[in-house]
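What follows is calculated from the coordinates using simple rules that are stated; it is not laboratory data. All values reported here derive from a predicted model rather than from experimental measurement. When we count neighbours, we look across all protein chains shown, and the Cβ atoms used for this are built from the backbone with ideal geometry, even at glycine.
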Amino acid sequence: MSYPFQIKSQEEYNERYKESVEHPEKFWAAIADNFLWRKKWDKVLDWNFTEPKIEWFKGAKLNITENCIDRHLATKGEDAAIIWEPNNPEERTRIVTYNRLHKRVCQVAQMLKNNGVKKGDRVCIYMGMVPELAYAVLGCARIGAIHSVIFGGFSAQSIADRLDDAQAEYIITCDGAYRGEKVIPLKNVIDDALIGNKTVKKVIVYTRTRTPVSMIKGRDIWWEDEMEHAEHQVEKDGKVTFEAEEMDAEDPLFILYTSGSTGKPKGVVHACAGYMIYTAYSFVNVFQYQPKQIFFCTADIGWITGHSYIVYGPLAAGATSLMFEGIPTYPSCSRFFDIVDKYKVNILYTAPTAIRSLMGFGDAPYKNNDLSSLQILGTVGEPINEEAWHWYDEHIGKKKCPIVDTWWQTETGGVLISNLAGITPAKPSWATLPLPGIQPLLVNENGKEVTEPDEDGLLKGNLCIKFPWPSILRTTYGDHERCRKNYFATYPNLYFTGDGALKDKDGNYRITGRVDDVLNVSGHRIGTAEVENAINMHSGVVESAVVGYPHDIKGQGIYAYVIYTGHHDAELTRRDITMTVSRIIGPIAKPDKIQFVSGLPKTRSGKIMRRILRKIAEGETQNLGDTTTLLDPGVVEEIKNGKV
C-alpha cells in the first residue's frame, strides 16, 4: 500500500501547502478519495466559526473500522496490526494480525449488541493498556456506539463526573491493571464511581490481574464469557462476519474529556469521517511512515495521543502499532530501548517528560542497547526543551534520526504543527511549520494579527487558526455553548488554541505554553479551577489558588496557595490536602508544593491576581507589577517571604 497523499520533498510541501490554502475543499477531497466510503459526500465542507458549525464530507456514509481493518484484510491479513508488550517483560507478548484484530473487533461488536448497546449509546472504557482496550474502542465504533475512554489514573469521583456528563449506560473495565510494580484495582474504582449512579446498565469486566472483585448480579458480567458466546455468533463456516453500522460522516465517533479553565471537565466530541482522514493523513506525513515499519507510540489510549497514534491513525494507514502496558522505568530505566531492540522499532514517539526523567539516569537507559533500527523520533504533549532535544538526538537517535516535535491538542484530533521527518527542517524546541491544510496566525489580546516583530525578529502572540481542518472538534458533549465560549468566542472567526507562540522569519512556530488557566503537567492538561475545587473540599481549607511553575521533569509543576483555619501541623495537613486531591481527581493532579497563607492578592472586586502568584512561584519576587490596586497589598510581602 502506497500513500498518494504522502509528501516527499520540501518543494512538494510548498506546493501542497499553497494548494491547501487556495483550494482547501479540492485538497481535502483528493485525500478523502483514498478511503473506503459506503456513499461519497454531497459537499466537502460547510462551516462557520460563529455558532460554531463545522461539517466535513456532508452526506457521506462510512464506518471507520472498515477503513482501519476490513480494507486491509486481502493484502495485509497476516501482517501485524498491533504488537503488545506487557508490563512484565517475562510475560508472553502478543502479535495481533489484521485478521485476528478483525475477528476480535467483530466479537466485541456482537458482545455489545447482545447486551443491548445501540448506535449512539455512550460506552465508558476504563481499562489498562491491553489489546482488549483497542478491541473495545473499535468494537464500539463498529456498531456506532460512542466510546469515552477514561485514563486509568483518574479517581472514582472523576469517573462519576464523566459518566454523569456523558449519561453513559455501559462500562468496559478490567479487574485491575499493571503499572510498574503497582496493581491498580480498576473494577473497585468503578464500583466506587457507581455509588448512586442511576444510568449504568452493564459493566463488562476483563480479567487481567486476578485482583478479587465484587460482581453485582444483573449488572456485572465477565468479558471472557461474553466473548466466547459472541465468537459462535460471528464465526460461520470458518468465516468471521459482523456487518459494520453505516455511519454518517458527521456522526460522533467518541467523547474524550479534557480539563478546562472551569472545574467541570469538558467532553470533546470528534466525528467519524474528518477524524479518520486527518489522523491517517497526519500519521503518514509527519512520521513519513513506510509499509512494514514498526511504530511505537508510548502514550496511553486514555489520552488523545493514544486514540490518534496508537489506534486510529496507524490502523487506517495499515501500519504496525506497538502498544506498551508498562512504564519507562520498570523493571529498569532502559525499558523503552529494550523494547526498541526487541521488536526492531523504526519510529519512536514519546513525551518530553519521559525523556527528561530518563536523562537523570546518565547513560544507563541506553548504554547496553543497539538502537540501530530507529529511523525517526518524535515528541508530544508539551514543548521539548533544547537540552532534552539534544540528548534524544545524540544518545537515542545517534544523530541519524530526524526528530519531529509535534504540536496539537485533544480538540484538534491530530498533529497541526510539526516538521515532516526528513522532509522539512527541524529546529530544536520549535514545532516548526503547519501541515498543509492548517492555517495558523498569531494575534494580540485584542484579536488583531501580530505583524511587527520584536527586537529578536520574532512575532509573539496568541496562537489561533483561521480555517477548519477535518479533525477539529465539533462540540463539547451536551453543551455546545461551552464549546463556542471556550474556543470560538475569544477572537471572532478564529479557533483559539489557548497557547501562546513565537514565529520566526521562516514561518516556524515555537509554542510558549498556555495563556489561560490550564496547566500542562507531564503533557496532560489540568485546569487550575479543577484542582482548587478539590483542595477547597478539604475540611480546614477556606480558599486556595493554584498556578504552574517550571519543573525539571514534568515541565510544569502545581503550586498551591492555601488559606487554612485553626492550628495545624503543616506537613501533615499538606499530606491530607494531597490525599484529598488524589481522591477527587486522581494522583496526576497532586500539588507539588503547598504554601499556607493568611490571604490571597485580590483586586477590590475580588479577583485573585494569579499573575503575581505565578511570578512568586517561579522565583521572581522583584518585578511583580503594580500591587497598589490590591485590596491588601501587604499580603504579597507575606507570600513572598513564605515561599516553599
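Assorted remarks:
- Values of log10 I(q)/I(0), in the order q = 0.10, 0.24 Å⁻¹, for segment 114-201 under a Debye, Cα-only, solvent-free model: -0.23, -1.24
- Ranked Lys236, Lys103, criterion: other C-beta atoms within 10 Å, fewest first: Lys236, Lys103
- Most positive-pole-ward Cα, Val542, Asn623, Val521, against dipole of segment 518-641 from beta carbon charges: Val521
- A quarter of the convex hull surface defined by the alpha-carbon atoms of segment 377-460 gives 6.9 nm² as the mean projection.
- Among Thr406, Thr97, the order by Cβ neighbours within 10 angstrom, fewest to most, reads Thr97, Thr406.
- Exposure proxy order (Cβ contacts within 10 Å, fewest to most) of Thr412, Thr50: Thr50, Thr412
- Cβ-based charge dipole, the chain, positive-most Cα from Val597, Tyr98, Asn114: Asn114
- Charges were assigned to the Cβ only: +1 to each Lys and Arg, -1 to each Asp and Glu. The resulting dipole of segment 98-245 about its Cα centre is roughly 120 debye.
- Nonlocal amide H pairs with Ile146, under 5 Å, H built at 1.01 Å: Gly120, Asp121, Arg122, Val123
- Stretch in the chain that is longest and holds no GluC sites (Glu not before Pro) that DSSP places in a loop and that have at most 13 other beta carbons within 10 Å: 244-444
- Peptide ranges 133-139, 493-499, 115-121 listed from the most packed, as the mean C-beta count within 10 angstrom indicates: 133-139, 493-499, 115-121
- Rounded Å value of the spacing that divides the Cα centres of segment 443-463 and segment 339-381: 36
- Separation of segment 153-179 from segment 201-256 is 16 Å, based on Cα centroids.
- Using the Karplus relation 6.51 cos²θ - 1.76 cosθ + 1.60 with θ = phi - 60°, the per-residue 3J(HN,Hα) values for segment 606-617 come to x, 7, 6, 8, 5, 4, 5, 5, 5, 5, 5, 4 Hz, with x marking Gly and Pro.
- Charge dipole (segment 98-245, unit charges on Cβ, about Cα centre) - positive-most of Phe242, Ile150, Leu133: Phe242
- Amide proton proximity set for Asp499, modelled H, under 5 Å, gap of 5+: Leu463, Val515
- In plain terms, the C-alpha convex hull of segment 518-641 casts an average shadow of 7.6 nm² when viewed from every direction.
- For Ile327, nonlocal amide neighbours, meaning residues 5 or more places apart or on other chains whose placed amide H falls under 5 Å from its own, are Gly180.
- Rounded to the nearest 20 debye, the dipole magnitude of the chain is 660 debye, with +1 charges on Lys and Arg beta carbons, -1 on Asp and Glu beta carbons, and the Cα centre as origin.
- Rule-of-thumb Rg ratio for segment 487-555 [Cα; 2.2 N^0.38 Å; N residues]: 1.44
- Listed candidates (1) 24.1, 72; (2) 24.4, 82; (3) 36.7, 131 - label of the one calculated as Rg and Dmax of the Cα atoms in Å: (2)
- Residue by residue, segment 166-178 carries 3J(HN,Hα) couplings of 7, 6, 5, 10, 9, 10, 10, 9, 10, 4, x, 9, 8 Hz when phi is fed to the Karplus relation 6.51 cos²θ - 1.76 cosθ + 1.60 (θ = phi - 60°); x denotes Gly or Pro.
- Taking every alpha-carbon pair under 8 Å whose residues sit at least 6 apart, segment 230-368 reaches a relative contact order of 18 percent.
- For segment 474-576, the Cβ-based charge dipole about the Cα centre amounts to some 480 debye (Lys, Arg positive; Asp, Glu negative; other atoms uncharged).
- The listed peptides 518-525, 147-154, 424-431, ordered by packing as a protection proxy, come out as 147-154, 518-525, 424-431 (highest mean of other Cβ atoms within 10 Å first).
- Part-to-part distance (alpha-carbon centres) for segment 571-614 and segment 4-23, which is given in Å: 48
- The chain, relative contact order in percent, only Cα pairs under 8 angstrom and at least six apart counted: 13
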